[in-house]
Amino acid sequence: MTSVVPGIIAWPVLTAITLIIAGRLWLLNESHVDRLINRAMIAGWTGLVLREAWFEHGLDRALPFDHDVTIQLARQLSFGSIVISITYIWGIVAMWGGDDPKHTWYRQRYYTMAGIAATIVILAAGTPARRADELIDEYLGWPAVIAWIAFYLPIGVAAVALGRVAVKELRQADATGRERALYTAIIVLAVAIGIDAVATPIMTALQVMSNEPSADPEMHRKSWIFFLATLGSGAAVAIPLISTLLTVTGWDRTGRYCRRLRPLWSDLTAAVPEIVLELPRDRHGRVEPATRLHRMIVEIRDSLLHLKRYNSAPVFADPDPTVYAQHIAAAAQIKTSGLPPVTSPAAATTPVQLGTRDLTGELEQLLALAEVWPRARHDI
């Protein structure tokens, strides 16, 4: 097979990338950038699969062509998959550079057509190698030079475009130190990719002119570079997927705060249901965790304002969370039992302060209150 990556490494990576693509199609397929990333990953995944022996032999059994032609065709098509993947990076870089998102898919149509054209050139130039049942670098000759120009030209264009946008962002006066470090790393990467994209066709041409064999006829270097690049890309796009997955399942920090407040919020809003409003949802019926947390804080605060009238303690909002929780539980019990308030409505006109007007500080105090709430409710 073309790929020299051992199966013990290749199989887990292919499985992980498959899961990442499936997860992103499920959770991150709304914005233009996410859709471009997903298509780039699918194309890259296809390139990896086309290099695996099990797929090549399966394709051989399915197609009515000679065995050698089918295997070599799959190997050459893997380079086309890489080129198609690169054209989606063109689209991503164009959007990063400030192009109008409304024209994303109009531009991408032409980018993809350019990738398909490059793939056709690679296959046409690779015809002699396929007929000889050899890899492109094994057969070499001027067709190999043409094939590598068609392959590396889109990569070089992507490197230049990426480097230009990174330089532009690096020059921004308001860029943070972390952003400058990231842009610098991108520039270094773009320069390295650009040098490789120019050097490989030139080196191939020099080998042909001097009638020397390829230094890497089995294309081990190209195989490892593509594999590691796809692995790195998969790891990078998995980060926002993991973050989104944690958010959806409620295991992000905001979701954990909501779970800790929920018993307190549920009991207080059950006592004062009139303050609960419908939460805004996205088209999938989900509520943003930050929105849910903010609404819970506001509704707990409003509930405390209402329940203040149902407790005769001189200081309702006691600084001790345990004492305060007991006052709240007693007031909620009076309210739910249907008894009238013990103080006049005027007593509730002043909002209940938890000791701070800062939302973060208020959250911390509500979390402390929620921690002692189950015991306080049980003791009443």
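Which residue, of Thr18, Thr70, is under 30 Å from Asp282 (Cα atoms), among the hydroxyl-bearing types (Ser, Thr, Tyr) and in a helix (DSSP H, G or I)? Of the residues listed, the single one that is under 30 Å from Asp282 (Cα atoms), among the hydroxyl-bearing types (Ser, Thr, Tyr) and in a helix (DSSP H, G or I) is Thr18. Give the stretch 209-235 a look and list any residue that's of a type outside the set (S, T, N, Q), surrounded by 12 or more Cβ atoms within 10 Å (Cβ to Cβ) and under 21 Å from the mean Cα position of the chain (by Cα), or say none. Listed by number, the residues that qualify are Phe226, Phe227, Leu228, Ala229, Leu231, Gly234, Ala235. From the residues in the stretch 24-55 that are acidic (Asp, Glu) and outside any helix (DSSP H, G or I), which one is surrounded by the most Cβ atoms within 10 Å (Cβ to Cβ)? The selected residue is Glu52.
Residues are listed down the side, and each one gets a yes or a no for (1) crowded, with 20+ Cβ neighbours inside 10 Å; (2) in contact with a Leu (Cβ under 7 Å, 6 or more places away or on another chain); (3) not in a loop (DSSP other than H, G, I, E, B):
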site	(1), (2), (3)
Ser85	yes, no, yes
Ile120	no, no, yes
Ala129	yes, yes, yes
Phe151	yes, no, yes
Pro154	yes, no, yes
Ala158	yes, no, yes
Ala175	no, no, no
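In this structure, does Ile37 turn out to be out of contact with any Gly (no Cβ under 6 Å at 6 or more places or on another chain) and either more than 21 Å from Ala235 (Cβ to Cβ) or without any contact (Cβ under 8 Å) to a residue 12 or more places away in the chain (or both)? In short, no. For the stretch 317-333, the set of residues classified as assigned to a helix (DSSP H, G or I) and in contact (Cβ under 8 Å) with a residue 24 or more places away in the chain consists of Pro321, Thr322, Tyr324, Ala325, Gln326, Ile328, Ala329, Ala330, Ala331, Ala332, Gln333, listed by residue number. When Ala117 is evaluated against the numbered criteria (1) without any contact (Cβ under 8 Å) to a residue 12 or more places away in the chain; (2) more than 22 Å from Gly194 (Cβ to Cβ), which criterion, by number, is the only one it fails? Of everything listed in (1) without any contact (Cβ under 8 Å) to a residue 12 or more places away in the chain; (2) more than 22 Å from Gly194 (Cβ to Cβ), Ala117 misses just condition (2).
Rule-based calculations on the coordinates, nothing more; no lab input. Just so we're clear, the structure is a prediction, and the values are computed from it rather than from any experiment. Reconstructed Cβ throughout: ideal geometry from the backbone, glycine too, with neighbour counts over all protein chains shown.
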